[in-house]
Amino acid sequence: MTQPFLKVEALAKRYPGPAGKPANTVFENIHFGIAKGEFACIVGHSGCGKTTILNVLAGLDEASEGVVIMDGREVRGPSLDRGVVFQGHALLPWLSTLKNVEFGVRSRWPQWTPKQIEAHSIRYLEMVGLGHALHKKPAELSGGMKQRVGIARAFAIQPKMLLLDEPFGALDALTRGTIQDELLAIVQATHQTVFMITHDVDEAILLADKVLLMSNGPHARIAEIVDITMPRDRSRATIHHDPQYYRIRNHLVDFLVNRSRDYAAGAPAAAAHDPRNPPLVRPGLEGGAEVLPLPAGAAPAAPQLKPVSSASA
Amino acid sequence: MRSARPWLAPLLSALFLALLVGVWYLATYQPAAEATVDSEYAALVGQAASTGAKSAMPTPGEVGAKLWEHLSDPFYDRGTNDKGIGIQLLYSIGRVLLGFGLAALVAIPLGFVIGMSPLIYKALDPFIQVLKPVSPLAWMPLALYTIKDSGISAIFVIFICSLWPMLVNTAFGVAGVRRDWLNVARTLEVSRLRTAFQVILPAAAPTIMTGMRISIGIAWLVIVAAEMLVGGTGIGYFVWNEWNNLSIANIISAILFIGLIGMALDTLLARLARAVTYRE
């Protein structure tokens, strides 16, 4: 097997415990890889260290153990090769939309003229549908528009990899749906390699090629890697008609609700589990073991409200 | 205040002013002076005593006349002890701006360093905590002895008193810049210098401006006292000189002008603060 584009090996984060006590381990033995052009989502309960992993990938935080190798080089410190979309959008409030995007573009291509920088930035803002709000300050934008600027800023520097930290967590369902569609379209068009944290199982299925399931912290690890075995040209409007959709969804929800705590040290699932090679699961396709029978009488999980995508943020 | 009656507040202000002047007028009103003193005694001790109980406290009319006198010729210069109030105010404003400007040149860069480095913050904090509460006038003898120039000593005192609010506020503002914004700069590989000028400075600017506004207010308070001590020129010296002349009307005029200039300085800084404030 060839080396994946991004390779995470034996990553661990420990905080020093109180004097005399063992260190507080958030996660350990994290191994995974992401291929070029692949969209990976990481799902897990709060406190399992998802954001820390993302920050380590971004170079903003340092792991206690382990290495991250991207494109053949070890990740040490932040780099323009990895664009980050922050949970709280993190726009500079004294700059206009355009200047916020230009801020990164100027850093990426310092030799460009102001005209080039502006044209490039406008192109990316138009890509996220904000061509009309170039000169507005972030405070004048809605939550969805702010996050779009954050996405445009990250894409505009044309990073080798995009890291998204629960980018839609603070948005209402309608806006979230719209921006998910936009992100899906952009990622499909650009073949961007993406690593994304989400709490939303439906969002993960819609966007991802594979979903990394994390067990609960402390001592969190990658419990399974779920292959999203649906054709790549998905759309939010039709995805739930695919018979695979609910098999995968049930598998993910079942993991989060029932199985995510079974990996603590000493638990039976942990003993059989090799964190170096977490099992790759294809719900509904392999052996049928992953197809979890619904308890008698229970209704299938109710589909979430699927808003019509024409609504704007 | 309801916007439907925007004239109500100014009307009330005018009413209060009229009330104040009225009380003042009644308090200083004196019926035609009768000769309460023996004329021979009066001839002996001079004109002032002959009017008996005549107070040095001027009537509103006298102060009004004095104000008009100052306003109609503010910049005359007839020797050391007789300069127009405008000239004296300009001296004071000059000293304040000079001392304040020098303090800003030191406090803002130093505050930046303190705010960015927890180590330097901890190292310098004891000095700041001890020196900050010292009355700026306590520095005056030290300044006079080392600088040997009363004018520069006054500027030094203004420098010292303007320093602390700007230093502390700059450090506070810089240290409090949102982690997210710094992370944005880091992930975009923005150089440290560009981060300082394009992220930290604008982010901390409102806090820094608040410090500057406090500083200029304190500087304007202190200049009067400082000039009373060093003498020579300035509105503080003017007030002290008029006290020696027992010209209360002049002192009241000076108080009025000091207040107006102080308000103008504060308004100016408030304008600047508004220009750098951002909405999140």
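Read-outs: derived from the displayed coordinates by stated rules, not from any lab. Remember, predicted model here, so these are calculated numbers, not experimental data. Using ideal geometry, Cβ is built from the backbone for each residue, glycine included, and neighbour counts are taken over all protein chains shown.
Annotations
- The modelled label-to-label distance between A:His135 and A:Ala19, using points 7 Å beyond Cα along the C-beta direction, is 6.2 nm.
- Calculated FRET efficiency for the pair B:Trp68/B:Leu260, C-beta based, R₀ 22 Å, to 0.05: 0.90
- Here the residues A:Ser215, A:Ser107, ranked from fewest to most Cβ neighbours within 10 Å of their Cβ, fall in the order A:Ser107, A:Ser215.
- Computed from label points 7 Å out along Cα-Cβ, the spacing between B:Ser13 and A:Lys115 is 5.2 nm.
- Taking a ≥ b ≥ c as the square roots of the eigenvalues of the Cα gyration tensor, the range B:132-237 is classed as prolate, since a/c reaches at least 1.5 and a/b is larger than b/c.
- Using a Förster distance of 35 Å, the FRET efficiency for B:Ala123-A:Ser64 (Cβ separation, nearest 0.05): 0.75
- Cα pair distances exceeding 29 angstrom across chain B, given as percent: 53
- Pairwise centroid distance, computed over Cα atoms, of the range B:155-224 with the range A:40-67, Å: 34
- Estimated purely from DSSP H runs of n ≥ 4, each contributing -39500 (n - 2.57), the mean residue ellipticity at 222 nm for chain A is -9000 deg cm²/dmol once divided by its residues.
- Under 24 Å from A:Lys7, Cα to Cα: lysines that are on another chain or at least 8 residues apart: A:Lys36, A:Lys50, A:Lys160, A:Lys210
- Taking B:Val106, A:Val101 and counting other C-beta atoms within 10 Å, the order from fewest to most: B:Val106, A:Val101
- For the Cα trace of chain A, dividing Rg by the Kirkwood Rh returns an Rg/Rh value of 0.98.
- Estimated inter-spin distance, A:Gln158 and A:Val253, nm [label 7 Å along Cα→Cβ]: 4.3
- Loop sites in the range B:169-243: trypsin sites (Lys or Arg not before Pro), DSSP, at most 12 other Cβ within 10 Å: none
- Once the C-beta distance of A:Arg282 and A:Ile239 is scaled by a Förster radius of 25 Å, the resulting FRET efficiency is 0.90 to the nearest 0.05.
- Fewest-first sequence of A:His273, A:His45, A:His191 by Cβ atoms within 10 Å of each Cβ: A:His191, A:His45, A:His273
- Between helix B:60-72 and chain B there is an angle of about 60 degrees, using the helix long axis and the longest principal axis of the Cα atoms.
- Secondary structure note: in the protein assembly as shown, about 50% of the DSSP beta bridges are antiparallel.
- Once backbone amide H atoms are built at 1.01 Å from N, B:Gly231 has no partners under 5 Å, excluding neighbours fewer than 5 places away on the same chain.
- Adding -39500 (n - 2.57) for every DSSP H run of four residues or longer, then dividing by how many residues chain B holds, sets the calculated 222 nm ellipticity at -24500 deg cm²/dmol.
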